[in-house]
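The values are calculated or read from the model by the stated rules, or taken from the named source; none is laboratory data. Please read all numbers here as calculations on a predicted model, not as lab measurements. The protein model used for the area step is the full one, side chains on, heavy atoms only, and it has no ligands, DNA or RNA in it. Shrake-Rupley method; radii C 1.70, N 1.55, O 1.52, S 1.80 Å.
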Amino acid sequence: MDDKLYAQFSITYQEEKLVRKKRVGEWIKNSLLPLQSSNDRQSLNLEIGCGHGHWLSSFASEVQDEIFIGIDLINKRIRKAVSKCEKRKQNNILFYKAEACEFLEFCDLSLSNTFVMYPDPWPKSRHHKRRLIQRSFLTLLAAKTEPSGVLYFMTDYFPYIEWSKQIITESKLWELTNLPWPHNATSYFSELLPENNFLCAKRL
């Protein structure tokens, strides 16, 4: 790819990114802020990779004085999650199609809790850089999390737990804590996978 074509591609990418940033801002303005103001709810919970929203909607129905947001990359999953919660008339939960780091970069939020359940473990060493739990992710999430906010992480792949513990231990923004898992409803993956490991880290 020559320099001219590369420059054209880069400009197009930046323009698309600005469009997505604008959409996130409009979604927060038109969906999230009215929900917060109308119910005077304060705690804000985010699930990254929410799938069809089974676990998150169960949690939201149990804790109705908090707001829950689920994000996922797959349109079909988001549509199903929205449809299910509309049928149940749940008014404290929202879903949005977005990539995790881009959503955090674009949004203006103060999160109480973030949940990451069964992300791709990328088990091969050469793919570890693709894992969600990275130093850059922890820094970005910390900027959007209130002091003492908590990151909850669950996986069936034990080496990913060990990897994450190491990265969190090296971070100056988070510390591991012994909090229990906050909600025990099943999800698609929790029923499918034989073993589940989790950790919790508190925002310093």
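Does the stretch 59-113 classify as rounded, prolate or oblate by the C-alpha gyration tensor (a ≥ b ≥ c root eigenvalues; a/c under 1.5 gives rounded; else a/b over b/c gives prolate, otherwise oblate)? Spell out each step's value before the answer.
On the way: a/c = 2.84, a/b = 1.20, b/c = 2.36.
Here the stretch 59-113 falls in the oblate category.
Could you tally up the Lys pairs in the stretch 46-204 with alpha carbons closer than 15 Å? Skip any pair fewer than 8 positions apart unless they're on separate chains.
7
Let me know the shape class of the stretch 96-192, please: from the alpha-carbon gyration tensor, a ≥ b ≥ c as square roots of the eigenvalues, rounded when a/c is under 1.5, otherwise prolate if a/b is greater than b/c, or oblate.
Values: a/c = 1.28, a/b = 1.15, b/c = 1.11.
Rounded is the answer for the stretch 96-192, as its axis ratio a/c remains below 1.5.
Roughly speaking, to the nearest percent, how much of the stretch 1-155's 1.4 Å accessible area is carbon and sulfur?
So the carbon and sulfur contribution to the accessible surface is 50 percent.
Probe of 1.4 angstrom, ligands and nucleic acids ignored: what's the accessible area per residue over the chain, in square angstrom? Provide the component values of the computation, followed by the final result.
Numbers: 11810 Å² over 204 residues.
Result: 58 Å² of accessible area for each residue.
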